[in-house]
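Notes follow once the structure below has been shown.
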Amino acid sequence: MTLPFTDLYGIDNLPYAIASKAGHAPHVVTRVGDHALDLAGLAAKAGGEAWVDAWSQPTLNAFVAQGCPAWSAAREWLRQTLGDASFEDAVASHLHVLDELTLHLPIEVADYVDFYASEHHATNVGRIFRPDGDALTPNWKHLPIGYHGRSATVVVSGTDIVRPCGQRKAPTDAEPTFGPSIRLDIEAELGFVVGGDTEIGSPVSVDNAGDHLFGVGLFNDWSARDIQAWEYVPLGPFLGKSFASSLAAWITPLEALEPANVAVPQQVPTPLPYLQGEDVFGLDIDIEVELNGEVVSRPPYSTMYWSPAQMLAHLTVNGAAIRTGDLFASGTVSGPEKDQRGSLLELSWSGKEPIHLADGSTRTFLQDGDVVTLRATAPAAGGGRLGLGEVTGRIAPARAV
Ligand code: CA
């Protein structure tokens with residue numbers, strides 16, 4: 001069958017999103033090149049009855065709740081159906097040009113956690129904020145550091161980001177002041193969508209984490225560095241982060257990313273036993289950070305120290321339960337090189353080394369009207385690469401309190 005697949009969005013990719021046509025209810029689609037395929041409609045005609053209800057919903061949660069065996073079976077059914085000429089007319093009748101659709105937040109986010117899993121990022125931040133101390137905190141190589149964020153302000157790619165207001169106090173200021181953030185930043189991350197509920201008191205091991213990792217979406221953890229720096233001691237990030245975090249519309253199944261599985265960097269000292277296992281792997285995903293149309297950084301996810309399986313094992317080791325729709329982000333992805341840093345804080349070294357853009361302007365932190373877009377690709381099963389879509393957002397001016 002001839003389908004409008006493209007190199008990045010072919011049969012080995014098949015990510016999921018929630019889309020709607022004007023005047024119609026949103027439901028689950030997959031991506032065929034620059035088209036979206038309505039999955040519930042196709043499933044009803046082509047032997048996919050098991051997924052029709054879940055794929056008719058306005059979020060991915062019902063499908064994610066079905067668990068790992070159902071995710072695999074659905075993907076296998078979809079691949080077979082798209083390769084079966086007898087379903088050509090059924091497939092064609094459910095294809096829609098992406099430009100004619102609105103994409104929505106793909107999941108109703110249950111709990112949201114953000115980790116800090118890049119050694120290069122953590123080292124850079126440590127050098128910037130604690131120039132006279134150790135770059136890494138004493139716990140960093142023993143556990144994946146994280147904090148619980150605000151799920152209600154996770155927004156879909158394309159949503160404007162209103163500049164947050166808050167308190168800030170530079171070390172040289174006598175008193176705190178209030179106003180729009182003047183050090184608004186990005187954090188280039190991946191978000192992991194989690195499913196398969198567990199009971200309180202039942203940790204998920206590293207080797208069982210794969211049963212709960214549904215998919216990956218590009219994630220921008222917008223950060224107000226001035227608000228963050230004044231508020232975060234001693235309880236961690238709060239209003240400097242919770243105003244907005246952007247998630248890509250497209251969620252790529254972990255199964256599609258098997259060819260991107262790589263070893264994580266050597267972990268010394270050896271982590272405690274609950275953080276060890278066969279399923280400790282990283283992901284060879286190449287990210288691009290674009291500011292106003294110009295690529296300013298290329299963070300390699302393969303350099304991340306902690307594995308997604310270790311992050312999920314750590315998140316639940318105290319008995320915290322998993323709820324379908326949980327989302328955990330990796331933390332800023334920064335590689336060892338200067339042009340691989342995933343935040344403006346690092347790229348401009350806390351504002352001391354402005355970035356020069358092609359239009360002649362410079363940036364330390366974001367200005368109103370700036371547009372930031374993250375894109376990524378990874379090795380695909382067929383030998384080429386697959387695309388992870390994009391997550392984009394434009395900075396809108398602060399609103400008066
Ligand atoms: Ca972050």
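Quick notes on this structure:
- Tilt relative to the chain, helix 119-129 - C-alpha long axis, 0 to 90 degrees, to 10: 30 degrees
- R0 of 45 Å, Cβ-Cβ distance His96-Arg127: FRET efficiency to nearest 0.05: 0.40
- Placed amide H near Val154: partners under 5 Å, 5+ positions off or other chain: Ser245
- Taking other C-beta atoms within 10 angstrom as a stand-in for reagent exposure, Met304, Met311 fall in the order Met311, Met304, fewest first.
- Springs join every pair of Cα atoms under 10 Å in this Gaussian network model of the chain, and among Val194, Val391, Val264 the largest mean-square fluctuation is at Val264.
- Choice from Ile145, Ile285, Ile128 with maximal GNM fluctuation in the chain (Cα, 10 Å cutoff): Ile128
- Take the Cβ atoms of His104 and Asp370, set R0 to 22 Å, and the FRET efficiency comes out at 0.35.
- When the chain is treated as a Gaussian network with alpha carbon springs shorter than 10 Å, the biggest mean-square fluctuation among Ala117, Ala46, Ala309 belongs to Ala46.
- Estimated vicinal HN-Hα couplings, Hz - region 358-371 in sequence order (Karplus 6.51, -1.76, 1.60; Gly, Pro = x): 4, 7, x, 7, 10, 9, 9, 10, 6, 9, 4, x, 5, 10
- Computed 3J(HN,Hα) for region 189-200, one whole-Hz value per residue from the Karplus formula 6.51 cos²θ - 1.76 cosθ + 1.60 where θ = phi - 60°, is 9, 10, x, 10, 8, 10, x, x, 4, 10, 8, 4, glycine and proline marked x.
- Convex hull volume per residue in cubic angstrom - Cα atoms of the chain: 149 Å³
- On Cα atoms only, tilt of 68-82 relative to the major axis of the chain in degrees: 60 degrees
- Near Gln57, the amide H atoms lying under 5 Å from its own belong to Val28; only residues 5 or more places off or on other chains count, and H is placed 1.01 Å from N.
- Fewest-first sequence of His27, His142, His120 by Cβ atoms within 10 Å of each Cβ: His142, His27, His120
- Taking amide H positions as modeled 1.01 Å from N, with prolines and chain starts lacking one, the residues under 5 Å from Val113 and 5 or more places away or on another chain are Gly149, Leu327, Phe328, Ala329.
- Förster radius 25 Å - calculated FRET efficiency between Ser202 and Lys141, Cβ distance, rounded to 0.05: 0.40
- Exposure proxy order (Cβ contacts within 10 Å, fewest to most) of Tyr305, Tyr112, Tyr232, Tyr16: Tyr232, Tyr305, Tyr112, Tyr16
Each reported figure results from applying straightforward, stated rules to the coordinates on display, with no laboratory input. Nothing here was measured: the structure is a model prediction, and the numbers come from that model. Cβ: placed from backbone, ideal geometry, glycine included. Neighbour counts: every protein chain shown.
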